[in-house]
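Please treat every number below as a calculation from the coordinates, not as lab data. Computed from a prediction, not measured in an experiment: that's the story for all the values here. Using ideal geometry, Cβ is built from the backbone for each residue, glycine included, and neighbour counts are taken over all protein chains shown.
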């Protein structure tokens, strides 16, 4: 089951520039990490309160052939994906695939945050949006 919006991902090759924008909006960086399976660095920015509130994730490439490299070449920086926290990653991926979503990942991958596992899917037309399903290890206390 989908529990909540976890974050909105922004793709950029200039994370410092986007960080300045987030600071101007009154947000602060609460977390950061690397998703090595995708070749990206991620910063999680939020308004006060930190964990449990939706974040804006700044996603930038860390290697030449990163998951967002082609997207940045074709479309430039901007909205990259919408991420939802789920209670069961495998069953929710299967449910959405049954509804016409296209799975990007053959298997769930380690995410950028501690205890985070993710799977990406494309939402069909008319949305044409990249979705990320996020599951956190239960002992992290990230709940709602």
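Are any residues in region 111-132 within 19 Å of residue 95 (Cα to Cα), in contact with a helix residue (DSSP H, G or I) (Cβ under 9 Å, 6 or more places away or on another chain) and in a strand (DSSP E or B), and if so, which ones? 117, 118, 119, 121, 130, 131 - these are the residues of region 111-132 that are within 19 Å of residue 95 (Cα to Cα), in contact with a helix residue (DSSP H, G or I) (Cβ under 9 Å, 6 or more places away or on another chain) and in a strand (DSSP E or B).
Give me a count of the residues in region 88-101 that are in a loop (DSSP other than H, G, I, E, B) and in contact with a strand residue (DSSP E or B) (Cβ under 6 Å, 6 or more places away or on another chain). Matching residues across region 88-101 total 1.
Of all positions in region 87-98, none carries a residue that is surrounded by fewer than 17 Cβ atoms within 10 Å (Cβ to Cβ), in contact with a helix residue (DSSP H, G or I) (Cβ under 6 Å, 6 or more places away or on another chain) and in contact (Cβ under 8 Å) with a residue 12 or more places away in the chain. Summed over region 110-124, residues that are surrounded by fewer than 18 Cβ atoms within 10 Å (Cβ to Cβ) and under 10 Å from the mean Cα position of the chain (by Cα) total 0. When restricted to residues that are outside any strand (DSSP E or B), touching a strand residue (DSSP E or B) at 6+ places or on another chain (Cβ under 6 Å) and more than 19 Å from residue 105 (Cα to Cα), region 15-71 contains 8.
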